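Nothing in this text is a laboratory measurement; each read-out follows from the coordinates by a stated rule. Remember, predicted model here, so these are calculated numbers, not experimental data. No Cβ is skipped: glycine too gets one built from the backbone with ideal geometry, and neighbour counts run over all protein chains shown.
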Amino acid sequence: MKKGKRRVDYIFIAAAVALVAVAWAFTGITFETGMKDWRDGDLIVQQSTDVPVLPVFGDVDNPPVHIGIVTLTPDGPMVIEARDTVVETPLKAFIAEGYTHDYVVYRITELDSARAAAVVAAARAMLGRPGDFFLDETPERLYSSELVRLSFLKAGVSLGRTDRMRTLSRGNKNVDAAFGGKWSKSLPCRKRYLDASQCWNTVGNYEVAPPQWIMADPQVAEVFATPAAPIALRIAQPTSMAGAGEQPPATDTPPALRP
């Protein structure tokens with residue numbers, strides 16, 4: 001009887017372990033990959049193809065980088081992020097919306113609890129604002145890293161830097177295609193009755209704050225990464241942004257729009 005009972009116990013334990021493993025795999029988090037020490041104001045980055053924005057923050061081989069602000073709640077960690085609108089998303093749902101379930105967590109090293117609370121409060125004050133497909137410079141519409149940058153700025157912390165849209169997107173055919181398909185929906189271009197090339201001259205002049213340069217800020221430190229996190233989430237300047245800092249002529253347009 002003891003041998004039979006022991007065998008049943010082993011089978012039960014094996015089945016339970018398998019069930020837990022399947023459940024964790026389904027959520028995209030494993031025993032080895034789950035971040036434990038979350039704090040208010042942490043930054044989580046992933047790759048995403050599901051955010052309606054010009055794909056400036058990726059390149060022809062990598063999906064765009066998407067960034068959000070973590071806040072702790074009685075229901076667990078949440079992520080304040082800019083998608084179609086600025087929303088507060090449960091952490092597991094945020095991870096599940098990524099191109100993969102891999103992510104990297106960054107932390108502002110000198111961020112005390114008071115300023116972390118101020119960052120979260122500033123981000124929450126922007127909930128409901130529409131997303132910003134064209135990454136323009138108006139705070140009425142927001143993209144992911146703009147939301148992060150503004151929230152920290154309101155708490156007295158300046159993160160990252162900006163550069164011209166045309167410089168950041170140079171050579172990125174994904175940006176050409178996305179802009180070519182939607183340029184006519186740009187409100188500034190519609191108001192001024194601009195054609196495609198004229199519209200790009202306007203959009204290309206926008207000052208844009210890439211999430212990669214927030215990640216690279218000296219005040220920011222990587223505190224966690226899933227084992228398979230791609231290098232695009234762990235470096236400051238992907239290939240598509242290698243020429244940043246150069247100033248192209250004002251008439252520069254995406255290749256897809258050139259005569």
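Using 7 Å Cα-to-Cβ label points, what is the Val60/Asn205 separation (nm, one decimal)?
My value for the distance between the label points is 2.9 nm.
Using Cβ counts within 10 Å as a stand-in for footprinting exposure, how do Arg166, Arg192 rank, fewest first?
By the 10 Å Cβ count, ascending: Arg192, Arg166.
Starting from 0.36 nm per residue, how many nanometres of slack lie between Ser197 and Glu137 once their C-alpha separation is accounted for?
Here the answer is 19.7 nm.
In square nanometres, what is the average projected area of the Cα convex hull of the range 170-240?
Averaged projected hull area, Cα only: 6.5 nm².
State the extension gain, in nm to one decimal, for the chain segment bounded by Leu187 and Ser158, taking 0.36 nm per residue of separation less the distance between their alpha-carbons.
Details: separation 29, 0.36 × 29 = 10.44 nm, distance 2.88 nm.
7.6 nm is the gain from fully extending Leu187 to Ser158.
Please arrange Val86, Val45, Val119 by how many other C-beta atoms lie within 10 Å of their C-beta, fewest to most.
Least crowded to most crowded, the residues run Val86, Val119, Val45.
Residue by residue, what Karplus-based ³J(HN,Hα) values in Hz, rounded to whole numbers, does the range 207-213 have, using 6.51, -1.76 and 1.60 with θ = phi - 60° and x for Gly and Pro?
Each residue of the range 207-213 in turn: 8, 10, 10, x, x, 4, 7 Hz.
Need the full-extension length gain, Ala216 to Ala125, defined as separation in residues times 0.36 nm minus the C-alpha distance. One decimal, nm. Intermediate results must be reported in sequence, preceding the final value.
Working: separation 91, 0.36 × 91 = 32.76 nm, distance 2.60 nm.
Length gained between Ala216 and Ala125: 30.2 nm.
Normalised by the residues of the range 121-240, what does the relative contact order come to in percent, with Cα pairs under 8 Å and at least six apart?
Relative contact order of the range 121-240: 30 percent.
Given contacts defined as C-alpha pairs under 8 Å and at least six residues apart, what's the relative contact order of the range 37-251, whole-number percent?
26 percent
Order these by the 10 Å Cβ neighbour count, fewest first: Tyr206, Tyr106.
Tyr206, Tyr106
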